[in-house]
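Let me begin by presenting the structure, written as structure tokens, before commenting on it.
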Amino acid sequence: LLRVEDLQKSYGDETVLRGISFDLDKRDVEVIIGPSGSGKSTMLRCVNRLTEFQGGAIYLDGESVMAMNDNDLRRRVGMVFQDINLFAHLTALQNVTLGLRKVRGMGKEAAREKAMDQLDRVGLASQADSYPAELSGGQKQRVGIARALAMDPELLLFDEPTSALDPELVGEVLEVMRDLAEGGMTMLVVTHEMGFARRAASSLMFLDEGRIVERGPPEQLFDDPEHDRTAEFLQRLT
Ligand code: ATP
Ligand code: MG
């Protein structure tokens with residue numbers, strides 16, 4: 001479903017990604033870990049073309065993301081950020097409906113119905129008419145997930161979706177993500193939540209200084225890592 005081929009990216013003369021290659025099949029859940037500055041966010045931003053890259057290629061279902069039009073890419077690749085960027089003047093329901101109307105051109109009633117289904121999926125149907133200020137951080141993040149899901153994306157990107165949350169709110173967001181993983185959603189997830197990685201990831205990738213140091217099933221990286229650096233990093237996380 002996703003092929004990243006020798007991806008290279010620099011900001012000015014600072015090289016951030018030094019040849020990243022990997023494939024994701026449908027239903028794969030890839031968890032990405034690595035030190036601050038290793039290029040995790042940059043890699044996600046290349047996949048949905050929030051930023052340009054200098055070398056290599058990224059294909060979604062065989063189609064280069066560089067050649068896709070904006071609306072197609074926005075629809076096919078959803079993203080959930082650390083900072084929950086809901087519109088403050090819109091209700092939860094309106095936040096989810098917006099993209100359906102604008103990007104997918106759906107009619108008002110159909111969009112509303114679809115948005116309600118997505119809110120229900122993340123356990124927030126009863127909060128549909130609440131404004132972001134009336135929601136907890138965990139609820140806001142779940143609205144963000146509902147908004148991404150509403151597009152029927154082929155691939156969902158998560159960049160530290162729980163890092164900005166109070167500890168007691170992390171669980172409800174991870175639970176939604178676990179449900180999605182079990183439901184067969186293809187996901188690329190940057191997170192420090194190693195419980196999630198162990199339970200939900202089909203593969204774990206350790207990035208350092210813009211390179212993939214090691215990649216494999218989570219049990220392998222946790223229990224029998226090939227590289228000392230992987231072991232050291234995981235020890236600090238768990
Ligand atoms: P963190 O764990 O702190 O989120 P990360 O692995 O996501 O780190 P990136 O945000 O991808 O790391 O950053 C990788 C490198 O690229 C860093 O050295 C950072 O300073 C640099 N960088 C990121 N965004 C920009 C930008 N817009 N302009 C210039 N340099 C940038
Ligand atoms: Mg980051």
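Filtering VAL170, VAL213 for residues that are of a type outside the set (D, E, K, R), outside any helix (DSSP H, G or I), more than 14 Å from the chain's Cα centre (by Cα) and away from ligand 2 (no atom under 16 Å from the Cβ) leaves a single hit, VAL213. Residues of segment 112-131 that are within 16 Å of GLY78 (Cβ to Cβ) and part of a helix (DSSP H, G or I): LYS114, ALA115, ASP117, GLN118, LEU119, ARG121.
For segment 94-111, a residue qualifies if it is in a loop (DSSP other than H, G, I, E, B) and either modelled with pLDDT of 95 or more or under 21 Å from the mean Cα position of the chain (by Cα) (or both), and the qualifying residues are VAL103, ARG104.
Checking the structure you have, find out if any residue of segment 72-85 is over 16 Å from the mean Cα position of the chain (by Cα), more than 16 Å from ligand 1 (Cβ to nearest atom) and of a type in the set (A, V, I, L, M, F, W, C).
Here is the first cut: in segment 72-85, the residues over 16 Å from the mean Cα position of the chain (by Cα) are 72.
Pick out the ones that are also more than 16 Å from ligand 1 (Cβ to nearest atom) and you get 72.
Next cut, of a type in the set (A, V, I, L, M, F, W, C) only: none.
So far as segment 72-85 goes, no, none of its residues is over 16 Å from the mean Cα position of the chain (by Cα), more than 16 Å from ligand 1 (Cβ to nearest atom) and of a type in the set (A, V, I, L, M, F, W, C).
In this entry, GLY137 is excluded by the filter for residues that are on the phi > 0 side of the Ramachandran plot and either surrounded by 16 or more Cβ atoms within 10 Å (Cβ to Cβ) or not β-branched (Val, Ile, Thr) (or both). Inside segment 39-71, residues that are among the small types (Gly, Ala, Ser), out of contact with any Gly (no Cβ under 8 Å at 6 or more places or on another chain) and within 13 Å of ligand 1 (Cβ to nearest atom) make up a count of 1.
When segment 1-52 is limited to residues that are β-branched (Val, Ile, Thr) and within 12 Å of ligand 2 (Cβ to nearest atom), the one that is surrounded by the most Cβ atoms within 10 Å (Cβ to Cβ) turns out to be ILE32.
How many residues does segment 83-93 contain that are in contact with a helix residue (DSSP H, G or I) (Cβ under 8 Å, 6 or more places away or on another chain) and at pLDDT 90 or above?
Looking only at segment 83-93, we keep the residues that are in contact with a helix residue (DSSP H, G or I) (Cβ under 8 Å, 6 or more places away or on another chain), and these are 84-88, 90, 92-93.
Going one step further and asking which of them are at pLDDT 90 or above, we end up with 86-88, 90, 92-93.
Number satisfying all stated conditions: 6.
Taking VAL65, is it under 28 Å from ALA200 (Cβ atoms), touching a residue at least 12 places away in the same chain (Cβ under 8 Å) and within 16 Å of ligand 2 (Cβ to nearest atom)? No: the conditions fail for VAL65. Checking each residue in segment 171-222 for being among the basic types (Lys, Arg) and either within 21 Å of VAL47 (Cβ to Cβ) or in contact (Cβ under 8 Å) with a residue 40 or more places away in the chain (or both) picks out ARG211, ARG215.
Have a look at ILE20, ILE32 and point out the one that is more than 8 Å from ligand 1 (Cβ to nearest atom) and more than 17 Å from VAL65 (Cα to Cα). I'd like the intermediate steps shown before the answer.
On the way: ILE20 fails: more than 17 Å from VAL65 (Cα to Cα).
Only one candidate qualifies: ILE32.
Every residue, every condition in (1) part of a helix (DSSP H, G or I); (2) more than 15 Å from ARG3 (Cα to Cα), yes or no:
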{"position": "ASP23", "(1), (2)": "no, no"}
{"position": "GLU52", "(1), (2)": "no, yes"}
{"position": "ILE58", "(1), (2)": "no, no"}
{"position": "MET66", "(1), (2)": "yes, no"}
{"position": "ASN71", "(1), (2)": "yes, yes"}
{"position": "PHE87", "(1), (2)": "no, yes"}
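Residues of segment 149-175 that are closer than 22 Å to ARG74 by Cβ, away from ligand 1 (no atom under 16 Å from the Cβ) and surrounded by fewer than 22 Cβ atoms within 10 Å (Cβ to Cβ): MET151, ASP152, PRO153, GLU154, LEU155.
The values are calculated or read from the model by the stated rules, or taken from the named source; none is laboratory data. If you're wondering where the values come from, they're calculated on a predicted model, not measured in any experiment. Backbone-built Cβ (ideal geometry, glycine too); neighbour counts: all protein chains shown.
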